[in-house]
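In what follows, a structure is listed as structure tokens, so that the remarks can point back to it.
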Amino acid sequence: MTGTAPSFLADWPWLTILGIVPLVGTALVAALPTRLARPVSLLTSLVVLAGTIAMCAAFEPDGERFQFVQAYDWIPAFGVQYAVGVDGIALVLIALVAVLVPVVIVASWNEAEEGEQAMVPDAGSSAPAAGRIRSVKTFFALILVLETMMIGVFAATDVFLFYVFFEAVLIPMYFLIGSYGGPRRSYAAVKFLLYSLVGGLLMLAAVIGLYVTSADQGEGTFAFERLTELEISTPVQIALFLGFFIAFAIKAPLWPFHTWLPDAGAEAPVGGAVLLVGILDKIGTFGFLRYCLPLFPEAADILGPYIIVLCVIGILYGALVAMGQKDLKRLVSYTSVAHFGFIGLGCFAFTSQAQTGAVLYMVNHGLSTGALFLVIGFLVARGRTRNVEDYSGVAKVAPVLAGLFLVAGLSSLALPGLSTFVSEFLVLVGTYTRYPVAAVFATVGIILAALYILWAYQRTMQGELRVPAGARMRDLRGREVLAVAPLIALMLFLGFYPKPLTDVITPAVNATMQDVGKQDPAPTHAQPTR
Amino acid sequence: MPTDIQAPSFDYAALSPMFIVFGAAVLGVLVEAFVPRRSRRRVQIVVSLAGLIGGLVAVVLLAGHSSLEAEGAIAIDGPTLFLQGTLCILGAASILLLSERSLDSSGGDIVTQAAVLPGSREDLQLSESQGIQTEVYPLALFSLGGMLLWPAANNLILSFIALEVLSLPLYLMAGLARRRRLLSQEAAVKYFLLGAFSSAFFLYGVALLYGYAGSVDLGDIFDATGRAGSNEVLLLLGLAMLAVGLLFKVGAVPFQAWTPDVYQGSPTAVTALMAACTKIAAFGALLRIFYVGFGRTEWDWRPMMWAIAIVTMVVGAVLAVTQTDVKRMLAYSSVAHTGFILVGVIAVNREGLSGTLFYLVAYGFTTLAAFAVVTLVRDSSGEATHLSSWAGLGQRSPLVAGVFAFFLLALAGIPLTSGFMAKFAVFQAATQGGATALVVVGVVASAVTAFFYARVIVLMFFQDPAPDGPTVAIPSAYTAATIALGLAVTLVLGILPQPVLDLADQAALFVR
């Protein structure tokens, strides 16, 4: 840590504290009576949020690359350390975790009871709903455990520790989808778990390969900063890069590794879906920036153009397929496939604007898609069906719901003035300087985004009032508005004033670019380079 | 050559773990003869546990010891003591499982008269009777004594004797299930016949190697491999025959065919003993024979082991997917794990040895406890092992289902469980030993195994219970203690594995 830390706050082991608090909350939720589960978990998540805000205040954008660093030997036999620390990229993603978890808890306040009502009636093989008991305590305990793992995965600076969190994060999400999800929850949960595990195990092979390479060149280590200094021959780099890349591409998910997302996103309970798409998927794109590029620069250079092609295909494919969806939650999932194409584009375009844009995009996508999932979740909880065609003219009875749907949708299509516009613009500009053709194709994706969002809005919210039989289509309650409001507020604020984020992100992006050994193509643009 | 070996020496202290366990077994036989029937069970439990705990204490006191005993026939060294200690603990846990009486309505899972014809009137009476059978304790102790001896045997004849001492009681115990007698008897006969075949192969291999080296001592065989002009054909044939016997006991493909039937038919407590302890002992013997006896000719056996490891991982994982019985599924999973452990064996370096030792500990505790959980889920006809009857168990009995799910995740190798650390240890050693391709097959097979473990979790937690499904019996302290032990070890080795890794690393040196 820099010696000139302005306050005592900088010396606290923030990351460890933030990781432990949700675990304490989990223990409390498990120990206390059921009626206290919700308030205790909300309180826990708010404590984490407060801690994160304090940590962000203590973070020095121009200081060391990794701050709040801690490193202790964990398993010396494998050269593994408990090593944590954040750069700007990890910091903003941890902040996103801290914001989304309380939002999800508020939005899922009645989840364990509401979940069953949201089932589609013609649920095939699924048994009658009456017999299922859904433990409220377990639900909130899982969310809090998930929070610990999500913070851990972004905070780890030891590749082994990262891998542990990377895999462990799957288990609570698996149970969230499988126990609290929609009618095809088992299928979706297993598909989610297996896709991620296959990727994860390939990464395990690459992690071991990395360790053995480091052992060949001295002492075996998993410490990120020492691994970046390794000399790895190009063929080995490509093999290891692919091990990491496929794991992250499945997680992100990039086309053609995306097929688990629509199922998982559609069947997950609303809160689970927000965390899944909002944060868990970001682990993949975060992994591109943190691990794929700096550790294997030559491989990234060689394979980058092919990945750009995959990203562009993903942007167009996701958008086109989203238009064809009849299921609202699947629709949002496919829009995410398109969005992740943009993020991937930003990561692999190797310009500082594009990468800054990609990181901003990760945050903004978490906010906007989170809001969209929440609003759709509220709609589905009322109508008890996810089918687009079952809704029409909902705005007439539920104007607030419709309004929030529109705002969240507009941010998803990157309307200027909302935060997503800034990030999408940066990604496109940054990509254009290196890959103009890809940028042109990606721009088509923006137009398609307008189509799928506005068309979905038009079909469900406008026109003759028609709601599913037996549904009580009321407007949003105070709690529901309270859940979405912070996300909308943040999107507006960051849309007009993204500087707090870019200030933190830019140095981290520049450090990454340096690791890759890339310069921005001349002439340089808005982002200052050091 | 034999003349300049050191003077005959029997360091009784160094051999004490085996003496204590065999002594307890002999005492158990005497208890059968002289102690009155009503207090026999209690005395047997005390004798067995005392023997195994005494053995463990002796192992601990011997820590760091490294010498050849009994004219070089027995090696007391790091791997021996490490595995003997593990076997004593797991053996004691198996004894606890065998002692469980509160689960079955008639008391205990061990039949009183194994020779009665299944389906006959006596058999029906037998299934209702409250009688108990206590010969199983000395049988288990003899078997465990053989298991302690096998990894220590530095001489192929002694190795064969240890193999028979551990196998014969097991053949018998496989046929002792109180419920589903026919399956149990089939298991016993199958295990016995195939086991006898594999023993014959082993013995034939010993004979050929004697022809090659002029000795059955592993040290002499090692010396012989260094001399030019020996008969390579005898060496290779002998090695292959020996491998058949060893690979049969560890349950590697293509010698795995007995595993599912025997695991399914045996009383679950005996299955647990077989799955955990037999595998550990057999791997101990395999490691010693290949590392000590054939350490110089690794290029003769490594390609063979490569192929066997690959087919074992793949066949075990793929066949497990199709199983509908939880004990059969665990049997195939044990086959797949045999493949993973072989990956560590093939590394042929110190990391590989210590990783394999660590894997055996991690796997032994998890699998023993997993079988212990299986004994809890019951319906009117005994254990409900068909997977369909496990549906919705997570709602009926969240604790038991949660614990079982944790064991499954450990077997699948999810981080923060012992299974992950173990897999990491062997895969890393194999990569360092140049077996990268094997590791890639290993991770793919791991993904397949994850599928069927995840499927059981889906059944338990994400599906609704069947109306007439099984109940979860409340175990006595015996089974509860075993499960708690397994849970603790699985968790601790997953989070803080360093002490045991250190222990395995210090142990990873064979005496020659």
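The values are calculated or read from the model by the stated rules, or taken from the named source; none is laboratory data. Note that the structure is predicted; figures quoted are calculated from it, not measured. Every residue, glycine among them, receives a Cβ derived from its backbone with ideal geometry; neighbour counts consider all protein chains shown. Heavy atoms of the whole protein, side chains included, go into the accessibility calculation; ligands, DNA and RNA do not. Shrake-Rupley method; radii C 1.70, N 1.55, O 1.52, S 1.80 Å.
Leaving ligands and nucleic acids out of the surface, order A:Val198, B:Val426 by accessible area at 1.4 Å, largest first.
A:Val198, B:Val426
With a 10 Å radius around each residue's Cβ, average the other Cβ atoms per peptide and rank A:260-267, B:356-363, highest first.
Put in order of decreasing packing, that is B:356-363, A:260-267.
What's the angle, to the nearest 10 degrees (0 to 90), between helix A:328-348's Cα axis and the longest principal axis of chain A?
For A:328-348 against chain A, the angle is about 20 degrees.
Of the listed peptides B:143-151, A:205-213, what is their order by residue-averaged count of other C-beta atoms within 10 Å, with the highest listed first?
Top to bottom by mean Cβ count within 10 Å: B:143-151, A:205-213.
What does the net charge come to around A:Glu225 if you take all other residues with beta carbon closer than 12 Å to its beta carbon, with K and R at +1 and D and E at -1?
-2
Using a 1.4 angstrom probe with every protein chain in place, what is the largest-first accessible-area order of A:Asp11, B:Asp77?
A:Asp11, B:Asp77
Calculate the mean, over all residues of peptide B:246-257, of how many other protein chain Cβ atoms lie within 10 angstrom of the residue's Cβ.
So the per-residue partner count for this stretch is 0.
Whenever you get a sec, line up A:Arg386, B:Arg227 from highest to lowest accessible area (probe 1.4 Å, protein heavy atoms).
B:Arg227, A:Arg386
Taking every residue in A:68-76, how many Cβ atoms of other protein chains lie within 10 Å of its Cβ, on average?
2
Taking θ as phi - 60°, what are the ³J(HN,Hα) couplings along region A:452-460 by the Karplus curve (6.51, -1.76, 1.60), each to the nearest whole Hz, with x for Gly and Pro?
5, 6, 5, 5, 4, 4, 4, 5, 8
Over region A:131-252, what percent of the accessible surface lies on carbon and sulfur atoms, probe 1.4 Å?
61
Could you tell me the total accessible area buried at the B-A interface, probe 1.4 Å, in square angstrom to the nearest hundred?
Protein heavy atoms only, the B-A interface buries about 3100 Å².
How large is the accessible surface per residue of the protein assembly as shown, computed with a 1.4 Å probe and reported in Å² as a whole number?
33
Relative contact order for chain B: what is it in percent, counting Cα pairs under 8 Å that are at least 6 residues apart?
Taking the mean separation of contacting Cα pairs over the length of chain B, I get 16 percent.
Would you kindly find the accessible area of A:Ile17, with a 1.4 Å probe and non-protein molecules such as ligands, DNA and RNA excluded, rounding to the nearest 10 Å²?
60
Residues of region B:407-434 losing 40 Å² or more of accessible area relative to the isolated chain, 1.4 Å probe, heavy atoms only?
With the partner chains in place, region B:407-434 has these residues losing at least 40 Å²: B:Leu409, B:Ile414, B:Pro415, B:Leu416, B:Phe420, B:Met421, B:Phe424, B:Gln428, B:Thr431, B:Gln432.
Helix B:232-250 sits at what angle to the longest principal axis of chain B, using alpha carbons and giving 0 to 90 degrees rounded to 10?
Once rounded, the angle reads 20 degrees.
Not counting ligands, DNA or RNA, and with a 1.4 Å probe, what is A:Val47's accessible surface area in Å² rounded to the nearest 10?
70
List the residues of region A:190-211 whose accessible area drops by at least 30 Å² when all protein chains are present, compared with their chain alone, using a 1.4 Å probe and counting only protein heavy atoms.
With the partner chains in place, region A:190-211 has these residues losing at least 30 Å²: A:Val190, A:Leu194, A:Leu197, A:Leu201, A:Leu204, A:Ala205, A:Ile208, A:Tyr211.
What are the ³J(HN,Hα) values, in whole Hz, obtained from phi via the Karplus relation 6.51 cos²θ - 1.76 cosθ + 1.60 with θ = phi - 60°, for each residue of region A:21-29 in sequence order, with x given for Gly and Pro?
3J(HN,Hα) across region A:21-29, in whole Hz: 3, x, 5, 4, x, 4, 4, 5, 4.
Quick one: which residues, 5+ away or cross-chain, put their amide H under 5 Å from the amide H of A:Val80? H built at 1.01 Å from N.
Under 5 Å from the amide H of A:Val80: A:Trp74, A:Ile75.
Residue by residue, what Karplus-based ³J(HN,Hα) values in Hz, rounded to whole numbers, does region B:290-302 have, using 6.51, -1.76 and 1.60 with θ = phi - 60° and x for Gly and Pro?
6, 6, 7, x, 10, x, 8, 10, 4, 6, 7, 9, 4
Kindly report, to the nearest 10 Å², the accessible surface of A:Phe165 as traced by a 1.4 Å probe over protein heavy atoms only.
That residue has around 40 Å² of solvent-accessible surface.
Accessible area drop of at least 50 Å² (1.4 Å probe, protein heavy atoms): which residues of region B:358-405 qualify, relative to the chain alone?
Listed by number, the residues meeting the 50 Å² cut-off are B:Gln395.
May I ask for the angle, rounded to the nearest 10°, between helix B:78-98 and the longest principal axis of chain B, with both axes built from Cα atoms and the value confined to 0 to 90°?
Value to nearest ten degrees: 20.
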